[in-house]
Amino acid sequence: MHHKLSTFLKNTYGEKIYRLSLTSGCSCPNRDGSIIMPNGERSFHGCTFCSEGGSGDFAVPVTGIGVRQLNEQFERAKDKVRQKTDANKFIAYFQSFTNTYGDVDRLKELYSAVIKREDVVALSIGTRPDCIGRDVLDMLKELNQIKPVWVELGLQTIHEKTAISINRGYELKVFEDAYKRLKGAGIVVIVHVILGLFGETKEDMLETVRYLSGLTPVLDGIKLQNLQLLKGTQLYRQYLEMSEAERPSFMDMEEYTDLVAECIALLPEETVIHRMTGDGPRKLLVEPLWSLDKKRVLNTLTRKCKGILE
């Protein structure tokens, strides 16, 4: 039986754990010109699907990048979630942009402060596999001695043609190297996969999941989500430039939920399912609009995953 994140956390900690979306103040090498695209030009727009908020649109707005400001941010985020949950323990989740990119001493100070909080059980850091240098790995290993550190890598797909089309900015071998080094250091690794990327067939998507299911050591966690077309992204601009006949169609809810159930069945039972659907900001989402009804989507997924997921 596969485990959802909520089940895994309840089994591990014996109580409800809630994830707080925070901001570290990092940028991204795919936005500041550090990455050279295949055409020889520098990349300033990030991955084509990424929003202006660096895919962290639900994070509490940041007013600074020091320890004091981070603690204030944490408390605001905690107050916000306590309006809908009675959780007393939290995962500090740094989601926006690339959270191992920048001054490692500054990041170590920030992450050390938050991981030492009594109400934090784990630190989760969203980043890119090309931003896991030796100094970063040393920092993560040191933090992992205090409490569990999770590193979330945005892979999205194993297919190089798609990776180029979404301007991912690194090859699969870079992911493979980072994965091996992180696992060798005892770090929990969670991988993000986007289902429905333009140009990919169902078999392409299943190939990505099969590849992840065969990783050694076994993958700790996965986030599956549908491609979301958000206003302000490079992908949206590309979409608008297409003719009606050229525009790819998005999966409907039944098609998507069937695919997710098939993906989960391919994965090892040790791989925790951290996410099964995306929930982009209502004001930005263009397609697919059915994803806004998250309760309906999750109920459908629960029904279709009966017997393989708890």
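May I ask you to compute the full-extension gain from THR302 to LYS161, defined as 0.36 nm times their residue separation minus their alpha-carbon distance, rounded to one decimal in nm?
Stretched fully, the THR302-LYS161 segment lengthens by 47.5 nm.
Pull up all non-local amide H partners of LYS89: gap of 5 or more, or a different chain, and H-to-H distance under 5 Å with H placed in the peptide plane.
Close amide H contacts, sequence-distant or interchain: TYR18.
Would you mind calculating the relative contact order of the chain from Cα pairs under 8 angstrom and at least 6 residues apart, reporting the percent as a whole number?
After rounding, I find 20 percent.
Which Cα, out of ILE65, VAL120, LEU153, lies furthest along the positive dipole direction of the chain (beta carbon charges, K/R +1, D/E -1)?
Towards the positive end, the residue furthest out is VAL120.
Mind checking the full-extension length gain between THR7 and ASP138? Use 0.36 nm per residue of separation minus the Cα-Cα distance, one decimal, nm.
Full extension of this stretch gives 44.1 nm more.
Listed highest first by mean packing, meaning other Cβ atoms within 10 Å per residue, what order do 34-40, 156-162, 259-265 come in?
259-265, 156-162, 34-40
For LYS173, list the aspartates and glutamates whose Cα falls under 14 Å from its own Cα; do not include residues on the same chain fewer than 8 positions away.
Within the straight-line limit of under 14 Å, LYS173 reaches these aspartates and glutamates: ASP130, GLU160.
Give the distance, in whole Å, between the Cα centre of region 82-110 and the Cα centre of region 13-56.
Centre-to-centre distance over Cα atoms comes out at 14 Å.
Take peptides 213-226, 72-85 and line them up by average Cβ neighbours within 10 Å, highest first, as a rough protection proxy.
Peptide ranking by packing, descending: 213-226, 72-85.
On average, how much accessible surface per residue is there in region 1-160, in Å², for a 1.4 Å probe, leaving out ligands, DNA and RNA?
45 Å²
The values are calculated or read from the model by the stated rules, or taken from the named source; none is laboratory data. In this text, all values refer to a predicted model and were calculated from it rather than measured experimentally. Cβ sites come from the backbone with ideal geometry, for glycine too, and all protein chains shown count toward neighbours. With ligands, DNA and RNA removed, areas are computed over all heavy atoms of the protein, side chains included. Shrake-Rupley method; radii C 1.70, N 1.55, O 1.52, S 1.80 Å.
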